[in-house]
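Okay, handing you the structure first.
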Amino acid sequence: MQDIYEQIRELENIQGLSKHEQLVQGIINAINDKLIQRGDMLPSVNNLNKELGFARETIAKGYKELVNLGIVESKNRIGFYVKGENTEKNLRIALVFFAFDSFQEVFFKTFRDSLGTPATIDIYFHHNNIDVLESIIANVRGRYGMYVVAPIPHKRTADILATLPLNKFLMIDRYQALDGDFSYVVQEFGKSSYAAFSKLAPAIRKFRGMIHYHRPASDTPIEIIQAYKKFVKDFKIKSLIRTEYIPGSIEKGYVYFTINNAELWQMLKDAKAKSFRLGKDVGILSHNDEVVKEIIFDGITTYSTDFSIMAEKAAEFVLKREKIQEVIPTILLRRGSL
């Protein structure tokens, strides 16, 4: 019984979490952590009242909710028992993203469909703001059965994420070192970017030079600009690095590389207005693939991880609760633009 009490007590300092919500989530957590199993008797109303100080009405409300969820059953004059261990059908998942870009939409849809169960998925966006991330984690902690988080590369991130239970935590998208053993399904940016640039070197050399648009204050992985600088130096490519694309500034004879989709669309619009042929008059390279890039202008060359695979792996972790530490490969997709 003490294990159950401890699971409930762990949630008592969660801001905004009611007593009955603590009771419900604490018992679900105890089942998920295999501290109790089907057929085990749960603490009586009297014992919970004595041990935790919860009002009887609060305890009754919590047990009623667990009964309605099909997790607990009540046996007249005997008490409450664990009815089933399958809490996934009632699983609440906190999914924390950078922002809802098109490739993260692919992740979400695949993740939702791959779960194959009516889990509740609440989405939060930190927009690469460490204070927002800290606020989100503080608000979701203790309220969910699983936490799937895209972290921010920041010195405070490890301490913020350390407040989550690592056995219910999955890191996605970017890797950030944390203390302890934790699961992750991420992509890699440095070596994969350099490899993609290197494969494209013969095509890039057909142009006068290469222009990369990098916004230092953005959420763009720093490893990409580092890989780019190493590439142009190693392969002796004439290069310019600019902070943003100015509409109308596209010129013949250059390869343009941007990670920002809004800039990409503007480049394509300008190329069309000037009757430039992609792959001939100008070259264009984009990061993160999506269906539209495969279709427009006879295809835009990209290098990207497969976010569908990442989402499938994430869903598998949520359902099976088996440790995973995997880096999803990054693939170069050659098309007409370069």
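Looking at this structure, is Y184 under 30 Å from V318 (Cα atoms) and at pLDDT 95 or above?
yes
Looking at (1) surrounded by fewer than 23 Cβ atoms within 10 Å (Cβ to Cβ); (2) part of a helix (DSSP H, G or I); (3) in contact with a helix residue (DSSP H, G or I) (Cβ under 8 Å, 6 or more places away or on another chain), find the lone condition where I295 falls short.
Here I295 meets the rest and fails (3).
Residues of the stretch 120-161 being crowded, with 17+ Cβ neighbours inside 10 Å, in contact (Cβ under 8 Å) with a residue 40 or more places away in the chain and under 17 Å from F97 (Cβ atoms), which ones?
Residues satisfying the conditions are N128, I136, I137, V140, Y144, M146, Y147, V148, V149, A150, I152.
List every residue pair whose Cβ atoms sit under 6 Å apart, with the two residues 6 or more apart in sequence or on different chains, where the first one lies in the stretch 42-54 and is touching a residue at least 24 places away in the same chain (Cβ under 8 Å) and the second, anywhere, is of a type in the set (S, T, Y) and surrounded by 15 or more Cβ atoms within 10 Å (Cβ to Cβ).
Sorted first by the residue in the stretch 42-54, then by its partner, the pairs are E51/Y5.
Take the stretch 240-287 and flag every residue that is in contact (Cβ under 8 Å) with a residue 24 or more places away in the chain, in a loop (DSSP other than H, G, I, E, B) and of a type in the set (A, V, I, L, M).
Of everything in the stretch 240-287, those that are in contact (Cβ under 8 Å) with a residue 24 or more places away in the chain, in a loop (DSSP other than H, G, I, E, B) and of a type in the set (A, V, I, L, M) turn out to be I250, I259.
Condition check ((1) touching a Phe, Trp or Tyr at 6+ places or on another chain (Cβ under 8 Å); (2) in the same structural domain as Y147 (by TED's automatic domain parsing); (3) farther than 26 Å from T163 by Cα) across all residues:
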residue: E10; (1), (2), (3): no, no, no
residue: S18; (1), (2), (3): no, no, no
residue: L23; (1), (2), (3): yes, no, no
residue: I31; (1), (2), (3): no, no, no
residue: L35; (1), (2), (3): no, no, no
residue: M41; (1), (2), (3): yes, no, yes
residue: K50; (1), (2), (3): no, no, yes
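Looking only at the stretch 52-63, decide whether some residue is surrounded by 15 or more Cβ atoms within 10 Å (Cβ to Cβ), among the hydrophobic types (A, V, I, L, M, F, W, C) and touching a strand residue (DSSP E or B) at 6+ places or on another chain (Cβ under 7 Å).
no
Right, next: Looking only at residues that are over 16 Å from the mean Cα position of the chain (by Cα) and outside any helix (DSSP H, G or I) in the stretch 121-144, which one is modelled with the highest pLDDT?
This residue is R141.
Which of the following residues is among the hydrophobic types (A, V, I, L, M, F, W, C), surrounded by 17 or more Cβ atoms within 10 Å (Cβ to Cβ) and over 20 Å from A315 (Cα atoms): L164, L178, L115, L170?
Unique residue meeting the criteria: L178.
Shifting gears a bit: Going by what's in this entry, would Q266 be described as among the polar types (S, T, N, Q) and crowded, with 18+ Cβ neighbours inside 10 Å?
Answer is yes for this residue.
Suppose we keep only residues that are of a type in the set (A, V, I, L, M, F, W, C) and out of contact with any helix residue (DSSP H, G or I) (no Cβ under 7 Å at 6 or more places or on another chain) within the stretch 265-284. Which one would you say is farthest from K252 (Cα to Cα)?
Top of the filtered list is W265.
Can you find, within the stretch 166-181, the residue that is nearest to E322 (Cα to Cα) among those that are free of Cβ contacts under 8 Å to residues at least 60 places away in the same chain and not aliphatic (A, V, I, L, M)?
Ranking the qualifying residues of the stretch 166-181, first place goes to F169.
Specify which of the listed residues (I204, I225) is buried (at least 20 other Cβ atoms within 10 Å of the Cβ), outside the structural domain of Q325 (by TED's automatic domain parsing) and over 30 Å from L17 (Cα atoms).
Checking each option against the conditions leaves just I204.
Please name all residue pairs, on different chains or six or more residues apart, with Cβ atoms under 6 Å, provided the first residue is in the stretch 204-224 and is farther than 11 Å from Y256 by Cα and the second residue is hydrophobic (A, V, I, L, M, F, W, C).
So the pair list comes out as H214/I225; H214/I241; D219/F98; T220/I259; P221/F189; E223/F189; I224/F189.
Can you report the number of residues in the stretch 30-56 which are in a helix (DSSP H, G or I) and touching an Asp or Glu at 6+ places or on another chain (Cβ under 8 Å)?
Qualifying residue count for the region: 2.
The values are calculated or read from the model by the stated rules, or taken from the named source; none is laboratory data. If you're wondering where the values come from, they're calculated on a predicted model, not measured in any experiment. All Cβ positions, even for glycine, are placed from backbone atoms using ideal geometry, and neighbour counts span all protein chains on display.
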